[in-house]
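The values are calculated or read from the model by the stated rules, or taken from the named source; none is laboratory data. Here the structure is a predicted model, which means the values were calculated and not measured. Positions of Cβ are backbone-derived with ideal geometry, glycine not excepted, and every protein chain shown enters the neighbour counts. Note: accessible area is taken over every heavy atom of the protein model, side chains too, but ligands, DNA and RNA are not part of it. Shrake-Rupley method; radii C 1.70, N 1.55, O 1.52, S 1.80 Å.
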Amino acid sequence: MDRLIDLCNIQYGYAFDSSNFTVDESYLPLVRIRDVKRGFSETFYSGEYPEEYVIHAGALLIGMDGEFNIARWKSRSALLNQRVCRIIAKENTDEEYLRFALVKALKEVEQKTAFVTVKHLSAKELNKMTLNVAPYEEQKRISEILVRIENLITIYKEELNQFDILIKSRFVEMFGDPVSNSHEWETISCKTAASKIGSGATPKGGKENYGEEGISLIRSMNVYNNRFEYKDLAHITDEQAEKLVNVTIKKNDVLLNITGASVARCCVVPEDVLPARVNQHVSIIRCKNMLLPEFVSYMLTENNYQKILWNIATSNGATREAITKQQIEDLVFILPPLELQNQFATFVHQVDKLKVAVQKSLDETQMLFDSLMQQYFG
């Protein structure tokens with residue numbers, strides 16, 4: 001086993017004066033915890049700074065609070081803020097290999113770290129961390145394989161993203177801005193347009209009583225914008241489901257997340273998860289025949305409508321994002337002719353068929369990557 005500090009140099013961030021934080025992009029970006037994984041910053045620094053804390057694209061960074069993410073910096077030159085550290089491989093250590101090895105090592109530390117509100121990774125913890133590393137040439141071979149597969153995964157994800165952009169563009173082309181109603185369609189309240197609006201509850205005993213089979217229990221972690229995430233889909237017994245009979249999911253129901261960080265995410269329920277119920281963090285919107293579910297889902301996930309939903313969720317100084325049933329009922333929907341909605345739904349289904357093939361390739365490639373990570377790093 002090798003100590004991490006023998007394999008690399010660790011540069012810890014600087015405590016920059018928050019009074020100099022700005023949104024003025026003419027200054028250098030400031031890399032904060034939330035920026036590590038996404039690879040860019042929306043905070044800039046207008047004060048003086050030590051040159052040694054300037055990092056460049058490609059720098060290997062670790063976020064030291066919350067989730068201990070490790071990632072390459074993707075944006076322009078920036079300043080390394082406190083609670084973010086940079087990893088610089090020493091001679092005879094392949095930095096990409098180190099990046100992959102640290103993914104698992106950091107996750108193990110994260111799981112063991114006690115916390116009250118946010119987990120903290122200390123310099124002491126990093127200094128005592130050990131890794132079982134392969135010889136240098138083997139490190140290079142392994143990292144080259146994993147980087148190639150990782151690049152494939154990125155390509156597949158970008159293809160899926162482009163399909164989503166295509167559908168969103170088609171929506172705006174056909175229906176305009178649903179918030180300003182730029183095409184001057186007839187409008188209707190969600191309460192009038194829906195035959196059902198409602199959220200459920202968590203069965204007694206919570207996740208400890210979920211099973212691998214039974215009635216699907218849809219939670220906010222399953223609902224993404226125009227995409228259903230099957231990972232971690234919970235299942236409950238018939239007896240548990242009977243207590244949630246009022247939130248039985250039906251074919252074509254639209255699901256809307258109504259609490260927490262995932263608030264406003266929305267998709268149409270896929271048929272293959274039925275029969276199903278929802279918990280208290282997800283609301284059902286069951287539309288009458290005047291509105292198609294595909295149209296409603298893409299309307300609610302249109303950029304300007306998402307801003308409306310976020311404004312609702314964060315209004316009144318709430319400490320936690322939330323949208324109430326009354327607020328959903330008061331939402332204003334545009335009401336284009338059904339013929340146009342059907343044209344749009346047909347287009348969505350055609351693109352979805354293409355997405356299925358790409359998603360399958362992505363899933364298979366991700367499985368290969370995960371398998372190799374397990375093989376190489378345990």
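Results, tabulated for the structure shown:
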{"quantity": "Region 36-171, relative contact order [Cα under 8 Å, separation at least 6], %", "calculated": "21"}
{"quantity": "With all protein chains modelled, accessible area of LYS307 [1.4 Å, Å²]", "calculated": "130"}
{"quantity": "Computed accessible area, HIS183, all protein chains, 1.4 angstrom probe, square angstrom", "calculated": "80"}
{"quantity": "DSSP loop GluC sites (Glu not before Pro) with at most 12 other Cβ within 10 Å excluded, longest remaining stretch of the chain", "calculated": "214-378"}
{"quantity": "Placed amide H near ARG219: partners under 5 Å, 5+ positions off or other chain", "calculated": "ALA234"}
{"quantity": "Kirkwood Rh in Å, taken over all unlike Cα pairs in region 23-113", "calculated": "13.7"}
{"quantity": "Cβ-Cβ FRET estimate between GLU108 and ARG170, R0 fixed at 51 Å, reported to 0.05", "calculated": "0.70"}
